[in-house]
Structure formats: structure tokens, C-alpha cells
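Heads up: the structure comes next, in C-alpha cells.
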Amino acid sequence: MAPIPIQDTLGMLGDNLERRRSVLPISRRRATAWSRGLEIPARGPTVLYTGQMYQLVPAINAMTHRLSGMEDSWMAGYFGLARRMNRLVNLAGLMARGSPQEVREYNEALRNIARLLLAAHVEFGYLYGVDRYAGALAHDEGLDETLQRHAARVYEDLKAAGVTEVITVDPHTTNLLRSVYPKIVPGYELKVRTYLEVLAALAPKPVERLAEVVTVHDSCLYARREGVAAQPRALLTESGVTIHETELSGKATQCCGGPIEMLFPKRSNDIAARRVEQLAKSADRVVTLCPLCLANLRRVGRPGVEIDDVSSYLVRGYCPRVPNGGAGAELTEPRHAAPAQAVAGA
Amino acid sequence: MRVDPTLRQALGDGNGFDASSCLNCGSCTALCPLGLELFPRKLFRYALLGARDKLVENTDTVYSCLLCKMCEENCPAGVHITDNVRALRVYLGREVFHLGPRGV
């Protein structure tokens with residue numbers, strides 16, 4: 001019986017970042033599938049940078065599920081062999097495929113984000129094959145040499161594409177591109193804003209009024225490092241959503257347990273379960289701002305509590321529905337989906 | 001406990017470890033969602049003392065940290081706790097696990 005071995009697990013993820021440019025490499029087809037039909041230009045001074053975080057969640061979930069089964073079991077002793085094999089073939093990718101339903105769901109969140117920006121008349125491109133994982137796990141786990149090399153390559157790609165501003169979609173990529181890369185990439189110069197900040201600054205008029213009551217689970221990175229907490233609340237409130245704040249919110253938010261899901265899956269689940277209990281005291285609908293928080297809180301779940309990405313609310317509040325097909329026709333609704341009301345004068 | 005007089009310098013040089021202003025008040029431990037009695041103030045004390053063996057012995061605790069900054073937000077001495085935890089990981093990864101491009 002042994003815990004998940006830190007050395008071989010981090011070694012495998014670091015090897016992947018060095019050799020395959022992501023800790024859990026997924027194909028370009030899978031990474032870009034969300035953008036099909038949206039016809040986003042492939043270039044532009046401003047780009048939507050996903051950092052592949054939403055696309056990676058199904059793979060992370062599958063990997064975490066497998067690791068949970070190995071934690072404190074005899075199988076944990078074989079990680080060294082797995083790491084050596086992974087250098088030859090993408091073993092981590094094979095272990096972590098993710099379910100098609102999850103892939104669709106997380107892709108839909110990205111489509112929602114793109115629709116929101118388009119509806120607000122924001123001009124942006126998407127770099128397709130050059131939109132890469134930014135290296136969050138390497139940073140968190142102290143793989144600094146690996147991260148530094150990776151960050152330099154990510155920045156080179158962005159500069160080569162003529163990018164001067166990126167719009168990010170998750171806290172981890174935002175934190176790296178905005179607060180970490182400037183310290184480790186010489187000559188780094190890039191304007192970085194989250195789509196929530198971009199939208200909040202534009203203050204778009206909602207097209208539907210959402211008569212719903214939610215509580216917000218803040219991301220630690222957004223709330224305590226990047227100053228993103230008021231913007232999603234303003235957008236939700238403007239579209240008619242009532243927010244019942246939980247006691248530990250904003251800068252006092254409690255972690256979802258996600259950062260240790262790979263090395264200590266059971267401990268991570270315990271923290272997530274405690275957080276869901278806290279949130280459920282305020283409302284039975286929980287809004288998340290980070291794909292990893294969403295995955296981690298949903299993994300432990302609780303009957304009667306619906307947990308959804310903020311984009312699934314905002315898209316209903318701010319994007320006009322397009323009848324009979326088109327990029328805006330498949331608006332994802334949260335699983336509970338209360339009927340929306342038309343905003344007077346919208 | 002054996003003391004390695006070079007540890008503090010190794011942690012500080014390049015890795016950026018600095019917990020010298022820690023008051024050992026325990027606010028960080030009390031607020032930590034992990035509820036680990038050891039974390040993070042005792043680990044920092046081991047590092048300041050040069051107790052390399054103790055750090056290695058508590059590797060799991062170092063890597064358990066969520067880096068959520070709840071402790072740092074409320075630290076009365078303004079210690080950059082998460083940067084310090086990262087510095088410990090950089091050190092352990094390099095010196096103990098030999099992680100990195102040329103690692104084992």
C-alpha cells in the first residue's frame with residue numbers, strides 16, 4: 001500500500017510539458033473542436049486565449065478518477081515504470097481520455113464565452129493550433145526550469161502571430177500570463193484581461209432577464225491574486241440574477257481542493273465536499289468561475305445542488321437566441337434552467 | 001534533528017524563500033483548509049533552522065498545500081507564504097526528486 005508517488009507523477013507531467021507542450025496532451029482537433037462553426041478569425045492583435053483549460057477538464061477528471069483508484073493501493077508502486085513508458089508513448093493521454101458528454105459540455109462553455117464577446121462586439125481572433133496550455137501545474141508544483149522554457153515558447157508563438165492583447169477564460173491561464181510570465185520571460189509585453197473583465201467594462205445590456213437565485217464560488221486565484229470577483233457579480237446581477245453570498249466569498253473564498261487533485265485525490269475530494277456544503281447553505285444553484293473548480297465541486301456533488309459555469313448564465317442573459325441553426329442557436333442552459341424573461345426595452 | 005547550514009541559503013538563492021518575518025502566531029495553521037497542524041509555520045521554521053531532514057520527512061505536507069492564499073491574505077506579518085511553499089517545492093523537486101529536463 002502506498003500513496004501516489006510525488007516524484008514519478010510530477011516527473012511524468014513535467015516530461016509531458018517538455019516533450020508534448022501540455023501536462024496532459026490532447027490532439028489539436030480536440031483542443032479546437034469548441035470553435036467549429038463560430039468562424040473566429042485565425043489571427044488578430046487581440047486573441048481569445050483558452051490555454052486549453054476547459055478542454056483539459058475531461059482528461060483531468062479521467063486521470064483523477066484513475067489516480068483515486070491507485071491511491072494507497074499496490075498499483076502506486078508502478079508509477080516509475082509508467083513514467084518511463086510515457087516518455088516513449090503518450091501514456092498519460094491514453095489514461096485520461098474523458099467522457100464525450102464532458103467534452104461536449106466544457107466545449108460548450110467556451111462557445112458561450114465566444115458568443116458573449118461577439119454579442120458585445122469585441123473583435124478577437126483565435127490562434128487554433130497555437131493556443132496552448134500555459135503551464136499552471138508546472139508553476140504550482142515548482143517545476144520552474146520546465147515552466148520557464150515552456151513560457152518562453154508560448155510567448156514566442158504569440159509574438160510571431162502579432163498578438164498584443166489576450167482575452168483569457170480561466171483564472172490559471174490569467175494568473176500565468178498576467179502575473180507570472182512577466183517575471184520569467186525576458187521582454188514580456190502583453191495586455192491580459194479575462195473575458196469577465198472585458199464584458200464588465202463594456203457593460204452590455206442584457207437581452208433576457210434571468211429570475212434566478214444563485215451563490216457564487218469564487219476562484220482563489222481570481223479573488224485573491226487577480227482582482228476578479230466584482231465583475232462576474234455585476235454581469236449576473238445586471239441580467240436579473242439574485243446572488244445570495246456565502247459566508248466565505250470574494251477574498252475570503254474557500255478553495256475547491258482542485259490544486260491537489262492529482263497527488264492527493266481523497267484529500268482533494270474531502271475539501272471539495274466541505275465547500276459544497278458551505279455553498280449549499282446559501283443557495284441550491286452554485287455559479288463557478290473556473291473550469292477546475294467546476295469539475296472538482298461537481299465531482300463530489302450533492303443532491304439538489306446544481307453547479308454550473310458562469311458562462312452558461314451569462315450567455316442566456318446577454319446573447320440573442322438565433323432560430324434555425326447558426327453559431328448562437330445552441331445556447332447551453334444550466335441543468336436546472338429556469339425560464340428567462342424578456343428585458344423591457346431590450 | 002540535523003542542521004544543514006547551507007539550506008537557508010539554498011532556499012533563498014534563486015528560489016526566493018523568505019520567512020524571516022514570521023511571528024509563529026499560528027494564524028496560517030488555524031485558517032488552512034487542510035487542517036494540518038504542521039502547516040505551514042512549522043515547515044518554515046524547519047527551513048529557517050536548516051533542518052533539511054525534517055523538510056524531506058514532510059514532503060507530502062509541502063506538496064499538499066493548495067496555494068489558495070487564505071493564510072497569506074490573513075498573515076499579520078505579511079509573509080509571502082505561497083511563494084515560500086513554492087520555493088520549498090522547487091528545492092525538493094531539484095535536490096531530492098531530481099525533477100526537470102535532465103532529471104531521473
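The values are calculated or read from the model by the stated rules, or taken from the named source; none is laboratory data. Small disclaimer: the values here were computed from a predicted structure and weren't measured. Cβ placement follows ideal geometry from the backbone for every residue including glycine, while neighbour counts extend to all protein chains displayed. Please note that ligands, DNA and RNA were not included when accessible areas were found on the heavy atoms of the full protein model with its side chains. Shrake-Rupley method; radii C 1.70, N 1.55, O 1.52, S 1.80 Å.
Points to keep in mind about this one:
- Look at the stretch B:79-89: the mean tally of other chain Cβ atoms within 10 Å of its residues' Cβ atoms is 2.
- Taking 4.7 Å between beta carbons as the limit, the unpaired Cys residues of chain A are A:CYS319.
- Charging the Cβ of each Asp and Glu at -1 and of each Lys and Arg at +1, and nothing else, the dipole of segment A:156-251 about its Cα centre rounds to 260 debye.
- Difference of contour (0.36 nm per residue) and Cα-Cα distance, A:ARG21 to A:SER99: 25.8 nm
- Taking A:LEU236, A:LEU196, A:LEU263 as the candidate residues, the one with maximal mean-square fluctuation in a Gaussian network model of chain A, Cα springs under 10 Å, is A:LEU263.
- Cβ crowding within 10 Å averaged over residues, with A:202-209, A:98-105, A:294-301 ranked highest first: A:294-301, A:202-209, A:98-105
- Each Cα pair under 8 Å and six or more residues apart adds its sequence gap; the mean of these over the residue count of segment A:1-157 is a relative contact order of 40 percent.
- Full-stretch length increase - A:GLU156, A:ARG43 - with 0.36 nm per residue and alpha-carbon distance subtracted: 39.2 nm
- Cross-link reach is defined here as a Cα-Cα straight distance under 23 Å, omitting same-chain residues fewer than 8 places apart; for B:LYS54 the lysines meeting it are B:LYS42.
- What you get for segment B:7-96, charging only the Cβ of Lys and Arg (+1) and of Asp and Glu (-1), is a dipole of about 80 debye around the Cα centre.
- For chain A: lysine pairs under 26 Å (alpha-carbon distance), excluding those fewer than 8 apart on one chain: 9
- Cα-centre dipole for chain A with unit charges at Cβ (Lys and Arg positive, Asp and Glu negative), debye to 20: 580
- In chain A, taking the dipole from charged Cβ atoms about the Cα centre, the farthest positive-side position among A:PRO45, A:TYR318, A:ALA109 is held by A:PRO45.
- The A and B chains share an interface that buries close to 2600 Å² of accessible area, total over both sides, probe 1.4 Å.
- Karplus-derived 3J(HN,Hα) values for segment B:65-76, using 6.51 cos²θ - 1.76 cosθ + 1.60 with θ = phi - 60°, are 4, 7, 6, 7, 6, 4, 5, 5, 4, 10, 6, x Hz; glycine and proline are entered as x.
- Of the residues A:LEU137, A:THR246, A:ASN16, the one whose Cα sits farthest towards the positive end of the charge dipole of chain A is A:ASN16 (charges of +1 on Lys and Arg Cβ, -1 on Asp and Glu Cβ, taken about the Cα centre).
- If you plug the beta carbon distance of A:ARG302 and B:ASN24 into 1/(1 + (r/R0)^6) with R0 = 30 Å, you get a FRET efficiency near 0.20.
- You can think of it this way: the chain between A:TYR128 and A:LEU202 has 24.1 nm of extra reach, that is 0.36 nm per residue less the Cα-Cα gap.
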